[in-house]
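The values are calculated or read from the model by the stated rules, or taken from the named source; none is laboratory data. Note that the coordinates shown come from a computational prediction; the quantities given were computed from them, not determined experimentally. Cβ coordinates were reconstructed from backbone atoms using ideal geometry, including for glycine residues, and neighbour counts include every protein chain displayed.
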């Protein structure tokens, strides 16, 4: 597969992992849009939220809940925003579902 995130998960492309478990990795975004900007990437490949199965949706729910558990460790005690882009109009740049986690500052109302 020629997926950037699959290659990162496989260790073929280096990254700074801030968290990893059997279902996901959380890495630093290489083009941060906030003081803190992570990407939560499921290890299982599916393009976006419209292409996931019911089982994958349950796994994604668990992954999102884990973000809450990790908030303090990730420097997000004061709050954060999660964003998932879908498709070209949604500015999805990699066709592997991923969640942007933004924080570390007061976020603007129009920041996504």
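Points to keep in mind about this one:
- For region 30-56, filtering for residues that are closer than 24 Å to residue 77 by Cβ and surrounded by 16 or more Cβ atoms within 10 Å (Cβ to Cβ) leaves 7.
- Cβ pairs under 7 Å, 6+ apart, first in region 94-112 and at positive phi and part of a loop (DSSP other than H, G, I, E, B), second crowded, with 20+ Cβ neighbours inside 10 Å and at pLDDT 95 or above: none
- Residue match in region 63-78 (condition: more than 25 Å from residue 109 (Cβ to Cβ) and in contact with a helix residue (DSSP H, G or I) (Cβ under 9 Å, 6 or more places away or on another chain)): no
- Residues of region 60-93 satisfying the condition of being in a helix (DSSP H, G or I), crowded, with 18+ Cβ neighbours inside 10 Å and out of contact with any strand residue (DSSP E or B) (no Cβ under 7 Å at 6 or more places or on another chain): none
- Enumeration of residues in region 15-34 that are under 18 Å from residue 81 (Cβ atoms), in contact with a strand residue (DSSP E or B) (Cβ under 7 Å, 6 or more places away or on another chain) and either part of a loop (DSSP other than H, G, I, E, B) or modelled with pLDDT under 95 (or both): 29, 33, 34
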